[in-house]
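S.K.: What follows is a structure written as structure tokens; I'll ask about it next.
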Amino acid sequence: TLQIVPGAGPAPLAVQTLEAYLSQTALAPLHIATVIVGACAATAIFLSVLGLYGTLNDAARARRRDLAVRIALGARRRDVIYQVLREGGQLAGAGTLAGVFGSFLLSQLLTRIASNIGSPKSWVWIAGPIVLGFAVAVAGILPARRALMVDPLRILRRDN
């Protein structure tokens, strides 16, 4: 008699919460999109660090005569490192200002178009420049160390 009651079958194998079930079914496309956007953001940060490293390395190589003269005249190591990192900081500062201004304008435009989209949290505006500053420091360390390792006498003789 119990066999004919609808739903009276074998018990489910595992009990799940509603949140776990929705994450596997209804919210799965949103989760996939979040993972893809995160991977793209990580790739963008990696490529920006490589590009900034290449730019700073090229700038230090082009100015090696100037750096050699400074080192020969007794410039302190931290002054040479500061000079190389300052160039990267100026590039990053200009990029940060342009990026924050553009993203602020875009967020204002999107909130006008779609009223259900809220304004971004304040940490979003702070996190970008912090990550960029960290990337500048990482990308500028190697060119700055290379600038310190030059032999001023050899550089000055070769360029004359």
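S.K.: What's the number of the condition Gly54 fails, among (1) closer than 20 Å to Ile130 by Cα; (2) at pLDDT 80 or above?
M.R.: Here Gly54 meets the rest and fails (1).
S.K.: Out of curiosity, is Val131 touching a Phe, Trp or Tyr at 6+ places or on another chain (Cβ under 7 Å), at pLDDT 80 or above and open to solvent by 40 Å² or more (accessible area, probe 1.4 Å)?
M.R.: Working: touching a Phe, Trp or Tyr at 6+ places or on another chain (Cβ under 7 Å): no; at pLDDT 80 or above: yes; open to solvent by 40 Å² or more (accessible area, probe 1.4 Å): yes.
Judged against the criteria, Val131 is not a match.
S.K.: Can you tell me which condition Leu91 does not meet? The list is (1) under 16 Å from the mean Cα position of the chain (by Cα); (2) more than 29 Å from Asp151 (Cβ to Cβ); (3) surrounded by 14 or more Cβ atoms within 10 Å (Cβ to Cβ), and all the others hold.
M.R.: Every listed condition holds for Leu91 apart from (2).
S.K.: Residues in region 111-120: is at least one hydroxyl-bearing (Ser, Thr, Tyr), within 29 Å of Arg154 (Cα to Cα) and open to solvent by 50 Å² or more (accessible area, probe 1.4 Å)?
M.R.: Keep residues of region 111-120 that are hydroxyl-bearing (Ser, Thr, Tyr), which gives 111, 115, 119.
Narrowing further to those that are within 29 Å of Arg154 (Cα to Cα): none.
Taking every residue of region 111-120 in turn, none turns out to be hydroxyl-bearing (Ser, Thr, Tyr), within 29 Å of Arg154 (Cα to Cα) and open to solvent by 50 Å² or more (accessible area, probe 1.4 Å).
S.K.: Mind listing just one residue for me: the one in region 30-39 that is over 19 Å from Ile130 (Cβ atoms) and open to solvent by less than 80 Å² (accessible area, probe 1.4 Å) and, of those, modelled with the highest pLDDT? If you could, list the steps in order and put the result at the bottom.
M.R.: Taking region 30-39 first, the residues over 19 Å from Ile130 (Cβ atoms) are 30-37, 39.
Those left that are additionally open to solvent by less than 80 Å² (accessible area, probe 1.4 Å): 33, 39.
Working: Ala33: 82, Ala39: 91.
That would be Ala39.
The values are calculated or read from the model by the stated rules, or taken from the named source; none is laboratory data. Predicted, not measured: the structure shown is a model, and the values here were computed from it. Reconstructed Cβ throughout: ideal geometry from the backbone, glycine too, with neighbour counts over all protein chains shown. Note: areas computed on protein heavy atoms with side chains; ligands, DNA, RNA excluded. Shrake-Rupley method; radii C 1.70, N 1.55, O 1.52, S 1.80 Å.
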